[in-house]
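Encoded as structure tokens, the structure appears first; notes follow it.
The values are calculated or read from the model by the stated rules, or taken from the named source; none is laboratory data. Values in this document were obtained by computation on a predicted structure and should not be read as measured data. Please note: Cβ atoms are built from the backbone with ideal geometry, for glycine as well, and neighbour counts cover all protein chains shown. Only protein heavy atoms, including side chains, enter the accessible area calculation; ligands, DNA and RNA are left aside. Shrake-Rupley method; radii C 1.70, N 1.55, O 1.52, S 1.80 Å.
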Amino acid sequence: MAATIPALRLPAGIDMPVYGIGTWRMGESARVRAAEVAAVRHAIERGVTLIDTAEMYGDGEAETIVADAVGADRDRLFIVSKVLPSNASRRGTIAACERSLKRLKTDRIDLYLLHWRGSYPLADTVAAFEELRAAGKIRAWGVSNLDHDDMQELWRVPHGGNCQTNQVLYNLTRRGIEFDLLPFCRRHKMPIMAYSPLEQARMLRHKTLAAVAQRHGATAAQVALAWLLKQGVIVIPKATVTAHADENLGALDLSLTAADLATLDAAFPAPTEAEPLDML
Ligand SMILES: NC(=O)c1ccc[n+]([C@@H]2O[C@H](COP(=O)([O-])OP(=O)(O)OC[C@H]3O[C@@H](n4cnc5c(N)ncnc54)[C@H](OP(=O)(O)O)[C@@H]3O)[C@@H](O)[C@H]2O)c1
């Protein structure tokens with residue numbers, strides 16, 4: 001049965017699903033390509049409509065995997081891709097987007113992100129994003145891996161306040177953004193996209209996650225994702241194993257109680273001072 005996935009409204013008024021599938025490390029080996037297409041296709045058939053990819057992943061191959069998995073379903077999907085900082089000049093961003101559109105076999109990207117900050121001025125990348133948006137090649141744009149001070153700088157750039165999201169590393173073991181970056185984004189009504197929401201599976205053996213999961217007959221992965229959803233952020237777990245994909249979707253039906261949240265806070269404390277943004 002297909003899951004029903006709620007949406008959040010971006011500042012520009014566009015609805016974005018709160019749950020999607022990630023594609024990092026896909027497209028790196030021809031041997032497993034068919035399995036990766038099948039994994040993304042499986043997620044779509046289970047009701048997932050948000051797909052996160054990037055020109056960096058598999059050197060563009062992840063985008064071709066997404067295209068193959070999407071097939072005729074493009075119009076009901078929300079596709080996020082990212083420009084590499086080394087391409088993020090005024091002209092380079094436009095060219096990179098054109099290449100991504102070709103690989104994705106689509107005429108528009110729903111949300112296009114600067115993957116991380118590089119040496120090109122933010123003003124140039126933003127100007128290119130705005131041009132792409134005016135041309136209908138992207139519906140909206142955002143950033144990734146920008147820390148609190150970078151976001152403040154972005155807001156001082158012409159049209160910088162049109163940013164729709166910041167995609168950052170966020171999970172129970174990486175709560176640093178709660179001190180200043182998350183409050184900044186909330187003030188601007190801009191949802192965060194939490195990447196590596198399962199800490200690439202490293203956190204799943206934690207005994208507190210297991211204990212909370214046991215109270216609900218759930219799994220550690222479901223608790224980790226349900227906690228993030230409770231923070232009002234968008235999650236994009238990656239799963240190539242279909243059983244993982246199905247299990248993760250169960251997080252949408254898991255309602256954590258105040259007691260669960262207190263248990264999780266005690267095991268994974270919130271930050272008490274500013275911390276530099278973690279990246280993977
Ligand atoms: N903007 C950025 O700089 C950035 C950085 C990192 C990631 N991302 C995006 O965020 C997405 C998610 O992050 P991620 O891929 O780094 O890590 P993740 O989603 O936290 O974890 C993915 C790993 O966990 C495993 N897994 C998934 N569900 C599981 C379950 N229920 N039980 C056990 N293992 C499970 C997957 O295994 P199988 O594949 O074998 O199922 C995979 O190895 C990426 O794919 C990418 O789209 C963005």
Charge dipole (the chain, unit charges on Cβ, about Cα centre) - positive-most of Ile44, Ala251, Tyr195: Ile44
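What is the gain in length, in nm to one decimal, between Gln152 and Glu275 on full extension, counting 0.36 nm per residue of separation less the C-alpha to C-alpha distance?
On the way: separation 123, 0.36 × 123 = 44.28 nm, distance 1.59 nm.
Answer, rounded to one decimal: 42.7 nm.
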Amide H neighbours of Leu8 under 5 Å, counting only residues 5+ apart in sequence or on other chains, H built in-plane at 1.01 Å? Met16, Val18
Segment 69-175: spread of alpha-carbon positions along the three principal axes, whole Å, largest first, is 41, 37, 22
Rounded to whole Å², per residue accessible area for the chain with a 1.4 Å probe reads 43
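Rank-order 237-246, 270-279, 37-46 by packing density, defined as the average count of other C-beta atoms within 10 Å over each peptide's residues, highest first. Can you show the working numbers first?
Numbers: 237-246: 17.6, 270-279: 12.4, 37-46: 19.6.
Packing order, densest peptide first, comes out as 37-46, 237-246, 270-279.
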Only Lys, Arg (+1) and Asp, Glu (-1) charged, at Cβ; segment 1-113 dipole about Cα centre in debye: 160
Amide H neighbours of Ile21 under 5 Å, at least 5 residues apart or on other chains, H built in the peptide plane: list them. Leu50, Ile51, Asp52
Taking the alpha-carbon centre of each part, the distance from segment 225-269 to segment 167-192 in Å is 16
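Do the alpha carbons of any pairs in Lys105/Lys137; Lys102/Lys137; Lys137/Lys238; Lys82/Lys137 sit beyond 22 Å of each other, and which pairs?
Details: Lys105/Lys137 12 Å; Lys102/Lys137 11 Å; Lys137/Lys238 26 Å; Lys82/Lys137 13 Å.
From Lys105/Lys137; Lys102/Lys137; Lys137/Lys238; Lys82/Lys137, over 22 Å: Lys137/Lys238.
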Placing +1 at every Lys and Arg Cβ and -1 at every Asp and Glu Cβ, with all other atoms neutral, what dipole size does the chain have around its Cα centre, in debye to the nearest 20? 360
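If you take the square roots of the eigenvalues of the alpha-carbon gyration tensor of the chain and sort them as a ≥ b ≥ c, do you get rounded (a/c under 1.5), prolate (a/b over b/c) or oblate?
On the way: a/c = 1.85, a/b = 1.21, b/c = 1.53.
Oblate, since a/c reaches 1.5 and b/c is not below a/b.
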